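Q: Here it is: the structure, laid out below.
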Amino acid sequence: MISPEDYTAKPTAVFMTCANPSGVCDVNAGGSHVLRAVFESKIPSSDVESYVRWNSWVEVPLPGQIRDACDNSMQCPVEPKFLTDIKMARGHQKAQSQARNQEKQKAMKSKQGHSATEQKKAAAKALTFQCPVCRGMMPDPKTFKQHFENKHPSAPMPEELKDA
(Lines give C-alpha, C1' and ligand atoms only; values in the text may rest on other atoms or scores of the structure.)
Protein backbone atom coordinates (compact mmCIF):
# COMPACT_ATOMS: atom_id res chain seq x y z
CA MET A 1 0.00 0.00 0.00
CA ILE A 2 1.28 3.47 -0.90
CA SER A 3 1.45 5.91 1.97
CA PRO A 4 1.28 9.74 1.61
CA GLU A 5 5.02 9.93 2.44
CA ASP A 6 5.78 7.86 -0.68
CA TYR A 7 4.61 10.74 -2.87
CA THR A 8 7.36 13.05 -1.59
CA ALA A 9 11.05 12.41 -2.22
CA LYS A 10 13.63 14.31 -0.20
CA PRO A 11 16.93 14.97 -1.98
CA THR A 12 19.93 12.82 -1.09
CA ALA A 13 22.28 15.57 -2.37
CA VAL A 14 21.92 19.23 -3.39
CA PHE A 15 24.39 21.28 -5.43
CA MET A 16 24.23 25.03 -6.16
CA THR A 17 26.36 26.96 -8.66
CA CYS A 18 25.31 30.35 -7.33
CA ALA A 19 26.81 29.94 -3.84
CA ASN A 20 29.42 32.51 -2.83
CA PRO A 21 32.50 31.66 -0.72
CA SER A 22 30.46 31.87 2.49
CA GLY A 23 28.06 29.20 1.18
CA VAL A 24 25.14 31.59 0.69
CA CYS A 25 23.30 31.51 -2.62
CA ASP A 26 22.21 34.94 -3.85
CA VAL A 27 19.40 34.36 -6.33
CA ASN A 28 18.68 37.59 -8.18
CA ALA A 29 16.30 38.19 -11.07
CA GLY A 30 18.27 38.19 -14.31
CA GLY A 31 21.19 36.31 -12.75
CA SER A 32 22.36 32.80 -13.58
CA HIS A 33 22.13 29.93 -11.15
CA VAL A 34 21.64 26.19 -11.15
CA LEU A 35 20.19 24.20 -8.29
CA ARG A 36 20.70 20.47 -8.74
CA ALA A 37 19.07 17.88 -6.50
CA VAL A 38 19.50 14.12 -6.55
CA PHE A 39 16.69 12.00 -5.10
CA GLU A 40 15.33 8.46 -5.02
CA SER A 41 11.65 7.94 -5.74
CA LYS A 42 9.65 5.35 -3.82
CA ILE A 43 7.00 4.95 -6.55
CA PRO A 44 7.01 5.21 -10.37
CA SER A 45 5.76 8.55 -11.64
CA SER A 46 5.52 10.56 -14.85
CA ASP A 47 4.07 13.60 -13.04
CA VAL A 48 6.81 15.32 -11.02
CA GLU A 49 6.69 18.78 -9.48
CA SER A 50 9.76 20.64 -8.29
CA TYR A 51 9.90 23.22 -5.53
CA VAL A 52 12.26 24.50 -2.88
CA ARG A 53 11.28 24.63 0.79
CA TRP A 54 12.97 26.26 3.74
CA ASN A 55 12.73 24.51 7.11
CA SER A 56 10.59 21.81 5.41
CA TRP A 57 7.40 23.87 5.30
CA VAL A 58 7.98 27.35 3.83
CA GLU A 59 8.04 27.23 0.03
CA VAL A 60 10.66 29.50 -1.57
CA PRO A 61 9.82 30.14 -5.24
CA LEU A 62 12.90 30.54 -7.41
CA PRO A 63 12.74 33.23 -10.12
CA GLY A 64 11.67 31.58 -13.39
CA GLN A 65 11.15 28.17 -11.79
CA ILE A 66 8.78 25.83 -13.63
CA ARG A 67 6.84 23.52 -11.28
CA ASP A 68 6.39 20.75 -13.87
CA ALA A 69 9.81 19.08 -13.62
CA CYS A 70 9.08 16.65 -16.46
CA ASP A 71 8.63 19.63 -18.79
CA ASN A 72 12.32 20.54 -18.98
CA SER A 73 14.25 19.84 -15.79
CA MET A 74 14.55 16.07 -15.74
CA GLN A 75 13.96 12.85 -17.62
CA CYS A 76 10.57 11.27 -16.97
CA PRO A 77 9.06 8.83 -16.06
CA VAL A 78 10.80 8.41 -12.70
CA GLU A 79 11.42 4.82 -11.65
CA PRO A 80 11.51 3.72 -8.00
CA LYS A 81 14.81 2.75 -6.35
CA PHE A 82 16.87 4.70 -8.96
CA LEU A 83 18.67 7.96 -8.31
CA THR A 84 17.10 10.79 -10.30
CA ASP A 85 18.79 14.07 -11.11
CA ILE A 86 16.77 17.30 -11.37
CA LYS A 87 18.17 20.69 -12.34
CA MET A 88 16.50 24.04 -11.85
CA ALA A 89 18.35 26.68 -13.84
CA ARG A 90 18.00 30.38 -14.55
CA GLY A 91 19.53 32.59 -17.23
CA HIS A 92 21.92 31.26 -19.88
CA GLN A 93 22.21 27.93 -18.07
CA LYS A 94 18.44 27.52 -18.26
CA ALA A 95 18.49 27.85 -22.06
CA GLN A 96 21.35 25.34 -22.31
CA SER A 97 19.54 22.94 -19.99
CA GLN A 98 16.34 23.19 -22.02
CA ALA A 99 18.21 22.53 -25.27
CA ARG A 100 19.94 19.45 -23.81
CA ASN A 101 16.64 18.14 -22.44
CA GLN A 102 14.94 18.65 -25.80
CA GLU A 103 17.65 16.54 -27.44
CA LYS A 104 17.19 13.82 -24.80
CA GLN A 105 13.41 13.80 -25.32
CA LYS A 106 13.88 13.63 -29.10
CA ALA A 107 16.26 10.66 -28.70
CA MET A 108 13.81 8.88 -26.39
CA LYS A 109 10.93 9.40 -28.83
CA SER A 110 13.02 8.09 -31.73
CA LYS A 111 13.72 4.91 -29.72
CA GLN A 112 10.02 4.41 -29.08
CA GLY A 113 7.95 2.69 -31.73
CA HIS A 114 10.49 -0.03 -32.45
CA SER A 115 8.55 -2.78 -30.74
CA ALA A 116 7.58 -5.98 -32.55
CA THR A 117 3.96 -4.86 -32.95
CA GLU A 118 5.05 -1.50 -34.41
CA GLN A 119 7.33 -3.29 -36.87
CA LYS A 120 4.52 -5.65 -37.85
CA LYS A 121 2.19 -2.70 -38.45
CA ALA A 122 4.78 -0.98 -40.63
CA ALA A 123 5.39 -4.19 -42.58
CA ALA A 124 1.64 -4.69 -43.08
CA LYS A 125 1.39 -1.20 -44.60
CA ALA A 126 4.14 -2.09 -47.07
CA LEU A 127 2.36 -5.28 -48.22
CA THR A 128 0.04 -4.01 -50.94
CA PHE A 129 -0.49 -6.98 -53.29
CA GLN A 130 -2.79 -9.85 -52.28
CA CYS A 131 -2.71 -13.27 -53.90
CA PRO A 132 -6.24 -14.24 -55.07
CA VAL A 133 -5.58 -17.94 -54.43
CA CYS A 134 -4.04 -18.09 -50.93
CA ARG A 135 -4.69 -14.48 -49.78
CA GLY A 136 -0.97 -14.04 -49.01
CA MET A 137 0.34 -10.46 -49.03
CA MET A 138 3.32 -9.33 -51.13
CA PRO A 139 5.21 -5.98 -51.15
CA ASP A 140 5.74 -5.60 -54.93
CA PRO A 141 4.68 -7.10 -58.30
CA LYS A 142 7.99 -8.94 -58.85
CA THR A 143 7.70 -10.82 -55.54
CA PHE A 144 4.01 -11.42 -56.22
CA LYS A 145 4.79 -12.96 -59.64
CA GLN A 146 7.54 -15.21 -58.18
CA HIS A 147 5.15 -16.31 -55.43
CA PHE A 148 2.40 -17.08 -57.94
CA GLU A 149 4.70 -19.05 -60.28
CA ASN A 150 6.15 -21.13 -57.41
CA LYS A 151 3.08 -21.69 -55.24
CA HIS A 152 0.25 -21.80 -57.78
CA PRO A 153 1.72 -23.05 -61.10
CA SER A 154 -1.55 -24.63 -62.27
CA ALA A 155 -3.69 -21.54 -61.53
CA PRO A 156 -4.16 -18.94 -64.29
CA MET A 157 -1.83 -15.92 -63.90
CA PRO A 158 -3.67 -12.71 -62.85
CA GLU A 159 -3.70 -9.95 -65.50
CA GLU A 160 -1.68 -7.49 -63.37
CA LEU A 161 1.23 -9.99 -63.16
CA LYS A 162 1.60 -10.77 -66.86
CA ASP A 163 3.63 -7.55 -67.46
CA ALA A 164 5.74 -7.76 -64.27
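Q: Ordering Ser3, Ser41, Ser46 by accessible area with a probe of 1.4 Å, largest first, what comes out?
A: Descending accessible area places them as Ser46, Ser3, Ser41.
Q: Further, regarding this structure: Using the heavy atoms of the protein chains alone and a 1.4 angstrom probe, what is the accessible area of region 96-164 per residue in square angstrom?
A: 78 Å²
Q: Turning to a different aspect of this structure: Could you tell me the convex hull volume per residue, in Å³, taken over the Cα atoms of region 102-146?
A: In region 102-146, the Cα hull volume divided by residue count equals 87 Å³.
Q: Rounded to the nearest 0.05, what FRET efficiency do Leu83 and Glu159 give with R0 = 41 Å and r taken as the Cβ-Cβ distance? Could you check?
A: 0.05
Q: If you plug each phi of region 137-148 into the Karplus form 6.51 cos²θ - 1.76 cosθ + 1.60 with θ = phi - 60°, what whole-Hz ³J(HN,Hα) values come out, in order, with x for Gly and Pro?
A: Whole-Hz 3J(HN,Hα) from phi for region 137-148: 9, 10, x, 8, x, 5, 5, 4, 5, 4, 4, 5.
Q: Next question. At 0.36 nm per residue, minus the direct Cα-Cα distance, what do Met137 and Val52 gain on full extension? Give it in nm, one decimal, please.
A: Contour length minus Cα-Cα distance gives 24.7 nm.
The values are calculated or read from the model by the stated rules, or taken from the named source; none is laboratory data. What you see is a predicted model, and the numbers here were worked out from it, not measured in a lab. We place every Cβ from the backbone using ideal geometry, glycine too, and count neighbours over all the protein chains shown. The protein model used for the area step is the full one, side chains on, heavy atoms only, and it has no ligands, DNA or RNA in it. Shrake-Rupley method; radii C 1.70, N 1.55, O 1.52, S 1.80 Å.
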